[in-house]
Structure formats: C-alpha cells, structure tokens
Amino acid sequence: MEKELNKKVCLLEKKLNSLNVQSLLAEPEAKANAILSIHPGAGGIDSCDWAKILLQMYTNWATQKDYTVRLVDWMPAEEAGIKSATLIIEGNFAYGYLKEEIGIHRLVRISPFDASHRRHTSFVAVDVIPEVEEKEIEIKEEDLEIDTFRAGGPGGQHVNVTDSAVRITHIPTETVVQCQDQRSQHKNRVMALRILKSRLYEFKQRERKEKLQKRYEEKARIEWGSQVRSYVFHPYKMVKDHRTGLETSNVESVLNGEIDQFMIASLKLKQKQKVSREGG
C-alpha cells in the first residue's frame, strides 16, 4: 500500500507541476505551434558549428516532449555547421515554452577548428514566432514573388535533381521565406505560405506596438547584447541563464535538450515582474 501511495503521490506532483507551468502560459498565443529560426553571428566557423549544436538541442527537446519537428529550411556553412535553419515545432504550448529562448546564446570553448587550441567565444541568435491560424491573416497573390530552386538535404546529402524548393517574397514588407524539406514543389509552397503568414502576423503585431524592427539583426550586432544564456566548456563547465541567474554544471544534459528548467524559471520571473507592476 505504501508503494502504491508513493506512486500516486509522484503522479499527482507531476500533474500539479504541469498545471503550475501551464498557468504561466496564459497568453492566447502560448498554445500555438512554434516557428524557430537559428542564425550564427560573431565567431566565424565556430558560430556556424554552434548554430548546428543548438539546432540539435532544440530538436532533442521537442522530441522528448513528443512534439512533431520539421526542419523546413537550412543553409549549410562552407566548412562546418550551418548558416541558418528554420524549424516548425508542432505541439501544445510549443510557442509558450520556446518564446523564452528568443535572444543571443553564447558559447565559450576550446575551438576544435583552431590548430593552436585557443579558447573561442561564439554567438548565435535564436528567434521564435507563433504559427497563426489560416483565417487570421490574408495574403494577396499579387503581393507575392515566388521562385523555385534545387533543394539539397542537410549537409548536402540527398540532393534533389528537380527545382522543388520554394522561396516566397512578400513584396510590400520584403519578407522572405523558403522551404525545401519536401520533394514536392507544391508541398513546399504550402509550407512556405504557412511560415509567411506567421511572419506577417508577427510583423503587424510589432507595428501596432510601435516596436517594428528587423527580426534578424546583422551579424556584427549578434554579440554581447541581448544575451539569454551562456554555455561554458572552458576553463570550467557551466550553463547560466542571464535573466534568472539559474545555472548548472551539467552542460551535456542541457545540450541534449534538458532546458525546461531555464524556460520555467524565465516564465516564473516574468509572472513575478507582472504581479509586481500591477501591484505597484
């Protein structure tokens, strides 16, 4: 009976923790699917490699939550890593969690690409927007410029011999999206339009709030400012969130996708700040 009671208590604790977290995800968009983009910044080849590591981290995190993950666009770097990547992560509260990852992620390590084995600092920008419902935004066909090109798989594998990849430019806002994860040009076009609608929705939201700015900063600006988290491999091991002060020495588990602790701590801090503002 004691074992059975302990088991039930553990299940109740998990359910209560889940409900507590969901209470922090109260905004209407929190339940939406997430469109996550990764762009390397200052740091050269190391930043491109760091971008690829983060891509795997978020893929692992989503898989552990039984979310559906689609790598819809990527651009491999010349020597190692990636120049950019876009994921669609489908699942309940995917955006609610992942919006806490928006910002600059900094890596400090002995560079595997440096023959002198020197320590390098690399920066990657992570951007997340919610996927919007089809009815929430309309796009005029005459406002679109649609191009096709030959797609290739991640790392240059499985190159497609047809022009199945699709790039769509929304002329009035100069917003560009592309998709190449399907061998069907039609399916890539449908997916690219899904992403475009979400980007335009976010564009209009920012415009209404008078905070409109380019979603992706120039690489020169992706450095010390707007840091969300630092991942240090040398001279010690530590991952530290700069917003909440939460840190752990288990860098490997974090890169394996165990990042809920940072997301939840950030959500709790925002909730605390909101209550403080309203109370004041």
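The values are calculated or read from the model by the stated rules, or taken from the named source; none is laboratory data. Note that the coordinates shown come from a computational prediction; the quantities given were computed from them, not determined experimentally. Every residue, glycine as well, gets a Cβ built from its backbone with ideal geometry; the counts of neighbours run over all protein chains shown.
Quick one: would you say ILE35 is touching a His at 6+ places or on another chain (Cβ under 9 Å) and at negative phi? When the stated conditions are applied, ILE35 does not pass them. Within the set SER84, SER111, SER122, SER116, the sole residue that is crowded, with 23+ Cβ neighbours inside 10 Å and of a type in the set (S, T, N, Q) turns out to be SER122. Apart from one condition, GLU133 fits all of (1) surrounded by 15 or more Cβ atoms within 10 Å (Cβ to Cβ); (2) under 26 Å from THR169 (Cα atoms); the exception is (1).
Looking across GLN178, GLN157, one residue alone is of a type in the set (S, T, N, Q) and modelled with pLDDT of 85 or more. It is GLN178. Across segment 260-280, the number of residues qualifying as at pLDDT 75 or above and either under 15 Å from TYR97 (Cβ atoms) or not in a helix (DSSP H, G or I) (or both) comes to 12. Restricted to segment 225-253, and to residues there that are among the aliphatic types (A, V, I, L, M) and part of a strand (DSSP E or B), the residue that is nearest to MET263 (Cα to Cα) is VAL228. Checking TYR231, TYR236 one by one, the residue that is surrounded by fewer than 16 Cβ atoms within 10 Å (Cβ to Cβ), modelled with pLDDT of 70 or more, more than 15 Å from VAL177 (Cβ to Cβ) and aromatic (Phe, Trp, Tyr) is TYR236 and no other.
Residues in segment 60-74 that are modelled with pLDDT of 90 or more and surrounded by 15 or more Cβ atoms within 10 Å (Cβ to Cβ): ASN60, TRP61, ALA62, LYS65, TYR67, VAL69, ARG70, LEU71. When segment 168-181 is filtered for residues that are touching a strand residue (DSSP E or B) at 6+ places or on another chain (Cβ under 9 Å) and not β-branched (Val, Ile, Thr), the ones remaining, listed by number, are HIS170, GLN178, CYS179, GLN180, ASP181.
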